[in-house]
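Written below as structure tokens is the structure these notes are about.
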Amino acid sequence: MLRIAICDDLETDRAAACRGGELYLSAHPELNGRIDVFSNPSALLDAMESGAAWEIALLDVYMPGISGTQVAQALSAQMKDLTFLFLTTSTDHAVEAFALGAAHYLVKPFTQEQLSPALDRAAAPHLKRKTEG
């Protein structure tokens, strides 16, 4: 099972990411994917502390209280195999995102044609481990 977390504080952006993720998973039934959606980083981090884990995280950079890059650092410290993508309105944090190991950095609004290849890249190492293991 490929588990995906989406965290964005804006309802419209969160819904777009979720819709895009669902379209991606429906096109790839072999992934047997599941999406968990969070409206704030605290809820995402609380879920992680309660034992939730994901293979892929789609994170907004600009969120109240803690940035998406800080969330990525916290998640990565607990989940070594996590792959993350940033979905944001600015290119200002792209260098920081890639320094953290981001698989992709999409500027909002993004299209499905942009999101699907980004998810392909994020899912690839997990699929490889699944077929090898």
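The table below gives the values:
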read-out	value
Selected residue (only one of Thr89, Thr83 is in contact (Cβ under 8 Å) with a residue 24 or more places away in the chain and exposed (fewer than 14 other Cβ atoms within 10 Å of the Cβ))	Thr89
Ser50 vs. criteria modelled with pLDDT of 95 or more and more than 14 Å from the chain's Cα centre (by Cα)	yes
Residues located in region 17-46, provided they are among the small types (Gly, Ala, Ser), without any contact (Cβ under 8 Å) to a residue 40 or more places away in the chain and either surrounded by 14 or more Cβ atoms within 10 Å (Cβ to Cβ) or within 12 Å of Leu2 (Cα to Cα) (or both)	Gly33, Ser39, Ser42
Tally, over region 1-12, of residues that are open to solvent by 40 Å² or more (accessible area, probe 1.4 Å) and of a type outside the set (Val, Ile, Thr)	5
Selection from region 51-80 of residues that are open to solvent by less than 60 Å² (accessible area, probe 1.4 Å), outside any helix (DSSP H, G or I), within 22 Å of Ala15 (Cα to Cα) and not hydroxyl-bearing (Ser, Thr, Tyr)	Ala52, Ala53, Trp54, Glu55, Ile56, Ala57, Leu58, Leu59, Asp60, Val61, Met63, Ile66
Count - residues of region 92-116 that are under 20 Å from Glu11 (Cα atoms), in contact (Cβ under 8 Å) with a residue 12 or more places away in the chain and among the polar types (S, T, N, Q)	1
Of residues in region 93-120 being at pLDDT below 95 and either on the phi > 0 side of the Ramachandran plot or in a helix (DSSP H, G or I) (or both), the one least open to solvent (accessible area, probe 1.4 Å)	Ala97
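The values are calculated or read from the model by the stated rules, or taken from the named source; none is laboratory data. Since we're looking at a predicted model, the values are computed, not measured. Note that we place each Cβ from the backbone using ideal geometry, even for glycine, and neighbour counts take in every protein chain shown. Ligands, DNA and RNA are stripped out before the accessible areas are found, and what is left, the full protein with its side chains, is counted by its heavy atoms. Shrake-Rupley method; radii C 1.70, N 1.55, O 1.52, S 1.80 Å.
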